[in-house]
1. Write down Rg/Rh for the stretch 221-338, rounded to two decimals, with Rg from the C-alpha atoms and Rh from the Kirkwood relation over Cα pairs.
2. Among rounded, prolate and oblate, which fits the stretch 371-509 when a ≥ b ≥ c are the square roots of the eigenvalues of its C-alpha gyration tensor, a/c under 1.5 means rounded, and a/b larger than b/c means prolate?
3. Along the Cα→Cβ direction, 7 angstrom out, place labels at Glu312 and Gln120. What is the inter-label distance in nm?
4. Bin width 10 Å, alpha-carbon pairs only: give the P(r) of the stretch 296-432 as whole percents, running from 0 to the bin holding the largest distance.
5. For the pairs Lys10/Lys333; Lys10/Lys38; Lys10/Lys373; Lys10/Lys128, note any where the Cα-Cα span goes beyond 29 Å.
6. For Asn320 and Trp501 in the same chain, what is the full-extension length gain: residue separation times 0.36 nm, less their Cα-Cα distance, in nm?
7. Explain nothing, just the number: relative contact order of the stretch 2-207, from Cα pairs under 8 Å at least 6 residues apart, as a whole percent.
8. Sort Trp283, Trp19, Trp290 by Cβ crowding within 10 Å, fewest neighbours at the top.
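We did not get these values from a lab; they are worked out from the coordinates using the rules stated. Just so it is clear, the model here is predicted, and its values are computed rather than measured. Backbone-built Cβ (ideal geometry, glycine too); neighbour counts: all protein chains shown.
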Amino acid sequence: MGRKTEIELKLQIMDKAMWETLPKSAWLKGLIVAESAKVETMEATYYDTPSRTLWKTGYAFRVRQEGGSWMATLKGAGQSEGGLHQRREWNVPILGPELDQEVFRQMEGTDKLVKSLKGQPGLEPLFKTVFTRWSVLVHLQNSPGLLELVMDKGVISAEDKNEDIYEVEIELKEGTAQDLLAFGAELSRRFPLLPEEKSKYYRGLCLAGLPVVSKAKSTAPWPSTVGTFLAEAIGTVLTAQTTYFAKQDAVEGIHDLRVAIRKLRSRLSFAAPLYPDEEGQHWKDVLRSWNSRMAGIRELDVLQEEWAIAAEHCGVDNSNSLLTAYLKTRRDKLAGTLDKVMAKGKLTADLLAFWAWSSATETADERESDWQKYSSKRLEQWLKDVRQKAKQVDRTDASALHRLRIRGKKARYILERHAQHDNDRKTVRLTAKLQQFQDCLGDIHDTDQGLSLLHKLKRGKQDLELVREIAYLVGWQARRGYDAMQRFGIQSEEFRSTVKWWLDGRING
């Protein structure tokens, strides 16, 4: 009736040839525990009551045949972020596939579940999985950690629906989560992998017509340590990357991924004084390089959105315009280059390595106990700084306005997370005012960047119709920039007065 907390990292295999190349890897052979490699076929059936009691209470239950023997496994609700899964697990050996609810009585600490199942009909199958598993135990270099590395290929079946399984799982046997993440990062550098946030159970539920619906929380506690503060944002980026690959051509995919990386960068800057300068700067540079790869794509997306609006006002058929086709061609070329880099697992590797670094260098107990105080003072300092610079900025200096925009954006990201924590009306109001101010600065920056790009596009063009359409958009962007400038004074003053009101309330409170 063994019970444990399972910690594992799940990764999607992007190149199916990895099934052949990974076991032959000279790098991996140097880490494998002798005689630990094995290949086996596993068949599992997942069960629930007719009223789906287990599903509703967050449990997953399966019976799996492993090497001629049978094992009943119950998995409890846990945490899943960016492919890293942590959850409780109970395992009970059984004689065969036939079973009843008595199996749960053999699992320590499941009294509440047993009580909820009392009087209900027996268990019935939901779906099945059949897959081949290659597995080895891995000793880590310069660490006492021990991991189990597995590759699965097979199929999930629910009635007449099927879904392929091609994934890697790395389970922590001995050591720390940092060992697990560091190995995952190195594996992703060598083989194309993406995070896999959906377990076989989740995917099977979807096939069976029972998707898990996550309940939105009105509040979210402030992360208890600087390590969890960064890990939360890293998980968001990994999720955004998976979503991006699911809908590569969608404008929101690249935008959401870029914003997620920006938010992670803001958290790293927020926590920077707690980490060694050189190491922190290295990771800032790594994250900045990814944002830079996406910047050109985002600029073209903004121009495409603005041209769609401008074309309608100018009486131009946007669907057949030369500028629409021209912008799309340039955008597709840049996106294609980015896709090739990301498909190799490079972003996954960087994020997992960053996660491992932040958890390995997490601050000592003494500093962790002061994290709440540090966070409060750091946020106040950032907002005071943005307020002062908003008061002093030269609105004719585009570079100065852009620097103010970046500072304000970083502060807003942290403030938004703070608002999720306390839901204080003053914090919510300040967040809204900073958002309005940022939108104004964003319009100024976007039009400035857009005009610069449009002038570059126009150079050397011979097609008069294309030049005319570019000229229409130049005029439209210039008007947007002018309107944003007219709003700047009011938005700045409202933001600055709201910051003062918010800070005064914290002092007096």
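1. With Rg and the Kirkwood Rh in hand, the quotient comes to 1.11.
2. Because a/c hits 1.5 or more and a/b exceeds b/c, the stretch 371-509 counts as prolate.
3. 5.0 nm
4. With 10 Å bins starting at 0, P(r) equals 9, 20, 25, 29, 14, 3, 0.
5. Lys10/Lys333; Lys10/Lys373
6. Extra length available between Asn320 and Trp501 comes to 60.0 nm.
7. 28 percent
8. Going from sparsest to densest Cβ surroundings: Trp19, Trp283, Trp290.
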